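Novice: Next up is a structure, given as structure tokens.
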Amino acid sequence: MSEIDPHAIARELGCGGSPSVSRLAENRGKGVWRIDADRETFALRVLRPGEHETARFEERAMTAAAANDAPAPRVAATGTWQDRPVMLLSWCDGQTLREAIRQRPWAAFRLGRACGRAQARLHAAAAPASLASMPWISRFGVPDPELRRRLEAVEKPHVSVLHLDFHMDNVLVWKGDVTGLVDWTNASAGDARADLARSWSLLTRRGGAGARARASASLWRVVAAGWHRGYAQVAGRQDDTLLFRVWALTGLINTSPTEAENSALGAQLERMRRRAGLPPAG
């Protein structure tokens, strides 16, 4: 049974009456609930005890993104409940990109293109200085010295808001448009190509073996191709993306939970490092 009481938290954050509450996700001590109050629907985000700095950073990132017309939730209220930071967020209509692709696989390229355009628009405006405290380059582990040197040599002076988890479960879509971008835990500021490469690595990640897994991987590669096209339509062609994809794959390996996946990613990473003229990973 969950130790989190979303009804009590909703009341503490100002939702009067008896709002309807439904759980959307809960794992590893944190979660998200839908709150249907008398006149408005919210998303209640509850973090782990003591994660107050994470909550403050997420709030700054969402506020900056919304100011740039990105479909980020609006922060309606914040507080603390039993040492847990809690946030009441505006509700974003739609379904996750994963659900939409599962229901309408024939729309894979078009939905991917819409996501790429939305990500490019997020990156267009400069990020505020309040997001600079979380360096993107070491967000998923410290890269090897040569990769870091090459990335820093091509890094753009324009500093964008980076979501760094812009993928199928954190993007909401409806009728072909992106209506929500949620879960800003990994947010940072820096070179937009890092965010684009991170999305590519998550979209093209193999989920297992067998015919069904291969078919699913092929479908998500179509989404990734549409994503790349849509991004280029808004932001233009991006150079040096291979270096950023090497960085993104390295980050996946650093955070991958299984040895089997690490092995597959490692082989792919070494091929890409050779193409980029980088030495083998240590």
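Novice: Can you confirm whether the range 114-126 contains a residue that is part of a strand (DSSP E or B), closer than 20 Å to Thr204 by Cα and touching a helix residue (DSSP H, G or I) at 6+ places or on another chain (Cβ under 9 Å)?
Specialist: Looking through the range 114-126, none of the residues is part of a strand (DSSP E or B), closer than 20 Å to Thr204 by Cα and touching a helix residue (DSSP H, G or I) at 6+ places or on another chain (Cβ under 9 Å).
Novice: Take the range 148-181 and flag every residue that is of a type in the set (Lys, Arg) and outside any loop (DSSP other than H, G, I, E, B).
Specialist: Scanning the range 148-181 gives Arg148, Arg149, Arg150.
Novice: Being modelled with pLDDT of 95 or more and of a type in the set (A, V, I, L, M, F, W, C): is that true of Leu88 here?
Specialist: So Leu88 passes the test.
Novice: For the range 56-110, name all the residues that are among the hydroxyl-bearing types (Ser, Thr, Tyr) and within 15 Å of the chain's Cα centre (by Cα).
Specialist: If the condition is that a residue be among the hydroxyl-bearing types (Ser, Thr, Tyr) and within 15 Å of the chain's Cα centre (by Cα), then Thr96 is the only one that fits.
Novice: Continuing with the same structure: May I ask you to verify whether Glu26 is assigned to a helix (DSSP H, G or I) and either surrounded by fewer than 17 Cβ atoms within 10 Å (Cβ to Cβ) or modelled with pLDDT of 95 or more (or both)?
Specialist: no
Novice: Additional query: For Trp184, all conditions in the list (1) aromatic (Phe, Trp, Tyr); (2) within 24 Å of Arg104 (Cβ to Cβ); (3) assigned to a loop (DSSP other than H, G, I, E, B) hold save one; what is the number of the exception?
Specialist: Single failed check for Trp184: (2).
Novice: While we're here: Please work out if Glu40 is charged (D, E, K, R), at pLDDT 95 or above and farther than 27 Å from Trp247 by Cα.
Specialist: It is false that Glu40 is charged (D, E, K, R), at pLDDT 95 or above and farther than 27 Å from Trp247 by Cα.
Novice: Among the candidates Ala100, Ala70, Ala55, single out the residue that is crowded, with 18+ Cβ neighbours inside 10 Å, in contact with a helix residue (DSSP H, G or I) (Cβ under 7 Å, 6 or more places away or on another chain) and closer than 24 Å to Pro128 by Cα.
Specialist: Ala70
Novice: Under 9 Å by Cβ, and 6 or more places apart or on different chains, what pairs join a residue from the range 118-143 that is free of Cβ contacts under 8 Å to residues at least 40 places away in the same chain with one that is β-branched (Val, Ile, Thr) and outside any loop (DSSP other than H, G, I, E, B)?
Specialist: These pairs meet every condition: Ala126/Val161.
The values are calculated or read from the model by the stated rules, or taken from the named source; none is laboratory data. The structure displayed is predicted, hence computed values, not measured ones. Neighbour counts run over all protein chains shown; Cβ positions are idealised from the backbone, glycine included.
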